[in-house]
Amino acid sequence: MRLVGQKISIALLALSFAGCAGSNQNGTQQSLRRAPLDESVEVAIIPASLLPIIPEKAEHVNTLLLTGSAFGNEEVFKSVARKQGANFVFVKKTGEYYGSTASVVDLYYLPE
């Protein structure tokens with residue numbers, strides 16, 4: 001009887017971890033996949049410290065952790081945003097992540 005209880009506990013624990021791990025990417029609008037934007041499209045970059053509120057009509061495209069040569073490079077931010085169909089980069093946080101300096105950014109599409 002004790003062995004059955006342990007197996008049930010392990011199964012429930014595994015299901016709870018699977019549910020937490022899988023919900024982040026599947027639940028975002030990134031699964032809709034926006035078409036890339038033309039290089040001539042203007043991309044705005046706004047740090048959260050300057051404007052902590054996202055415009056109401058903004059459509060969330062993706063959340064990224066940018067490290068290495070992408071960190072703090074506005075042209076790289078704009079290029080990545082255009083490739084994913086976003087015209088607004090919201091820089092949420094910059095700091096140390098996993099031993100290197102990085103930026104956490106949200107990509108949005110703002111309709112005109």
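Say we look at segment 68-77 and pick out the residues that are of a type outside the set (Gly, Ala, Ser) and surrounded by 13 or more Cβ atoms within 10 Å (Cβ to Cβ); which of these is nearest to the chain's Cα centre (by Cα)? Looking at the filtered set, the residue picked out is Phe77.
Quick one: how many residues across segment 49-64 are over 12 Å from the mean Cα position of the chain (by Cα) and open to solvent by 40 Å² or more (accessible area, probe 1.4 Å)? Even if it seems obvious, please write down each step before you answer.
In the first step, residues of segment 49-64 are kept if they are over 12 Å from the mean Cα position of the chain (by Cα); the result is 49-59.
Of the ones still in play, those that are also open to solvent by 40 Å² or more (accessible area, probe 1.4 Å) are 49-57, 59.
Residues meeting the conditions: 10.
Selection of segment 95-112 for residues being assigned to a strand (DSSP E or B), hydroxyl-bearing (Ser, Thr, Tyr) and free of Cβ contacts under 8 Å to residues at least 40 places away in the same chain yields Tyr97, Ser100, Thr101, Ser103.
Taken over segment 69-91, residues that are modelled with pLDDT of 90 or more and not β-branched (Val, Ile, Thr) amount to 11. Of the residues that make up segment 45-56, is at least one touching a residue at least 12 places away in the same chain (Cβ under 8 Å), in a loop (DSSP other than H, G, I, E, B) and closer than 17 Å to Glu112 by Cβ? Checked against the condition, which is being touching a residue at least 12 places away in the same chain (Cβ under 8 Å), in a loop (DSSP other than H, G, I, E, B) and closer than 17 Å to Glu112 by Cβ, segment 45-56 yields at least one hit. Test Ile45 against the criterion of being loosely packed, with under 13 Cβ neighbours inside 10 Å and either touching a Ser or Thr at 6+ places or on another chain (Cβ under 8 Å) or at pLDDT 50 or above (or both), and give yes or no. Answer is no for this residue.
One line per residue, one yes/no per condition, for (1) aliphatic (A, V, I, L, M); (2) open to solvent by 30 Å² or more (accessible area, probe 1.4 Å); (3) in a loop (DSSP other than H, G, I, E, B):
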| position | (1), (2), (3) |
| --- | --- |
| Leu37 | yes, yes, yes |
| Leu66 | yes, no, no |
| Ser79 | no, yes, no |
| Phe90 | no, no, no |
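The values are calculated or read from the model by the stated rules, or taken from the named source; none is laboratory data. Everything quoted here is computed from the prediction, not taken from an experiment. With ideal geometry, Cβ positions are generated from the backbone for all residues, glycine too; neighbour counts draw on all protein chains shown. Note: areas computed on protein heavy atoms with side chains; ligands, DNA, RNA excluded. Shrake-Rupley method; radii C 1.70, N 1.55, O 1.52, S 1.80 Å.
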